[in-house]
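Chemist: The structure under discussion is supplied below as structure tokens; questions concerning it will follow.
Bear in mind that the values in this text are calculations on the coordinates, not laboratory data. None of these values were measured; they are calculated from a predicted model. Backbone-built Cβ (ideal geometry, glycine too); neighbour counts: all protein chains shown.
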Amino acid sequence: MVVQESLGSIRERALAELNAADDLPEIERWERAYLGARGEVTLFLRSLGSLPTEERPAAGRAANALKVELAAAHEGRRRGLAAADLERRLAGDAVDVTLPGRAPLVGTAHPVSRMIDELSEIFALMGFQTVFGPEVETGRYNFDLLNIPSDHPARDVWDTIQVETSGAEIVLRTHTSPMQARTMEATEPPVRVVVPGRAYRYEAQDASHEWMFHQLEGLAVDERITMADLKGVLRELARQLFGPERRIRFRCDFFPFVEPGVDFAVDCAICGGKGCRVCKQTGWLEMGGAGMVHPKVLGGVGYDPARYSGFAFGLGIERLIMMRDGVDDVRAFAGNDLRFLRQFAGA
Ligand code: DAH
């Protein structure tokens, strides 16, 4: 066993290296190199036996003192580095609790859905139940039972999206009116229902036409139902939607499934009926079609037209929103532009 260096120079080198070690793995390597089982200080202590007897006690004391000193220095350095390391990790992970939170992306109900909910509620308060029907219909429900004969222009393929070309008349419903017959077939009077839902037309799109849109159908059948009931219900609807002062107007119109038939309008809430840009100077906003259920429609589902009478109406839901909220292009509703849709997200 040869001791090549004096303890003093080992000490100097060890302390310099310890100071230079700047991470925990390096510190561990340093400990093995000097204080480990095969470390320099350990080997020095083991080599004491080879010294002349008189030198052993002093060399042993000095080596032990160095061992204690280096162990203490090692521990001090290790703690310092561990603390610095922890500080660094904490700083990296730091969360600034004073930052405002990130708002989660939350969807909102579509304006058409909101309007359907609002309409259902208005009609529920007048005793109407909300029901839904199929969007794929047969010619029988979409046309025949509504007194629309085969030669009626509405039955022309240019208006109707045919689903089946094999001869069976299967169509995407062109209006929500087929649910009139379906509802009456399923129940005895009294009937009071509203039917919100999609309707489809084979049509070029523009600011006021969509090939897919929504309607709300209304139907009331009972003994002694009159046009005054129809007018009262539609006036209440107009007032709930557009304000308590609103008046409604009926004008003669033709629909095969009602007699008499009308179109109905509400006086313009913007100008109070005087005429403005919104009502195109007419003072009135068209809401939809209505009338007294045709005796042939009642008879077609097995109701006795001599005993029962009823009214029906239909209105376009997108149109209603456009009128009330000043939307000028119906294509916005299916356009998926969040900037448009979010404007309806409020309470
Ligand atoms: N179904 C008609 C349409 O789509 C609207 C309509 C008019 C419905 C008169 C009715 C009604 O119930 O009585 O144009």
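Chemist: Around Val171, with a cut-off of 11 angstrom between Cβ atoms, what is the net charge of the other residues, counting Lys and Arg +1 and Asp and Glu -1?
Modeler: -1
Chemist: A further question on this structure: Determine how many Å³ per residue the convex hull of the Cα atoms of segment 94-238 encloses. Before the final figure, lay out the partial values.
Modeler: Working: hull volume 32.9 nm³, N = 145.
About 227 Å³ per residue, rounded to a whole number.
Chemist: What would the Debye formula give as log10 I(q)/I(0) at q = 0.18, 0.26 Å⁻¹ for the alpha-carbon point model of segment 2-92, no solvent?
Modeler: Summing over Cα pairs of segment 2-92 leads to -0.78, -1.32.
Chemist: Residues with amide H under 5 Å of Asp253's amide H, sequence separation 5 or more or different chain, H placed in the peptide plane at 1.01 Å from N; which?
Modeler: Gly261, Val262, Asp263
Chemist: Under a Cβ-Cβ cut-off of 11 Å, what is the net charge of the residues other than Ala269 that fall near it, where Lys and Arg count +1 and Asp and Glu count -1?
Modeler: With Lys, Arg at +1 and Asp, Glu at -1, the net is +2.
Chemist: Residues with amide H under 5 Å of Gly288's amide H, sequence separation 5 or more or different chain, H placed in the peptide plane at 1.01 Å from N; which?
Modeler: Under 5 Å from the amide H of Gly288 lie the amide H atoms of Phe264, each far enough along the sequence or on another chain.
Chemist: What is the dipole size for the chain, taken about its Cα centre, with +1 at each Lys and Arg Cβ and -1 at each Asp and Glu Cβ, in debye to the nearest 20?
Modeler: 800 debye
Chemist: A follow-up question, please. Which three semi-axes in whole Å describe the equivalent ellipsoid of segment 212-313, each the square root of 5 times a Cα gyration tensor eigenvalue, listed largest first?
Modeler: 29, 13, 11
Chemist: Taking the Cα centre as origin and putting +1 on Lys and Arg beta-carbons and -1 on Asp and Glu beta-carbons, what dipole magnitude results for segment 1-151, to the nearest 20 debye?
Modeler: 1280 debye
Chemist: Kindly point out which whole DSSP H helices in the chain project their C-alpha atoms 30 angstrom or further along the helix axis while averaging a Kyte-Doolittle hydropathy of -1.0 or above.
Modeler: In the chain, the long hydrophobic H runs are 56-93.
Chemist: Can you figure out the FRET efficiency of Leu45 with Asp93, using R₀ = 35 Å and their beta-carbon distance, to the nearest 0.05?
Modeler: The computed FRET efficiency comes out at 0.20.
Chemist: While we're here: Give the lysines reachable from Lys274 as a straight Cα distance under 28 Å; neighbours fewer than 8 places away on the same chain don't count.
Modeler: Lys231
Chemist: Also, I was wondering about something else. In the chain, how does Rg compare with the Kirkwood Rh, expressed as the Rg/Rh ratio over alpha carbon atoms?
Modeler: On the way: Rg = 44.2 Å, Rh = 27.2 Å.
Computed over Cα atoms, the ratio is 1.63.
Chemist: Projecting each Cα onto the charge dipole of the chain (Lys/Arg +1, Asp/Glu -1 at the beta carbon, about the Cα centre), which of Leu105, Tyr202, Gly335 comes out farthest on the positive side?
Modeler: The residue sitting most towards the positive pole is Leu105.
Chemist: Within segment 17-85, list the trypsin sites (Lys or Arg not before Pro) lying in a DSSP loop whose Cβ has at most 13 other Cβ atoms in a 10 Å radius.
Modeler: Arg38
Chemist: Give, as a single signed number, the net charge of other residues whose beta carbon lies under 15 Å from the beta carbon of Ala82, with Lys and Arg counted +1 and Asp and Glu -1.
Modeler: Neighbourhood net charge equals -3.
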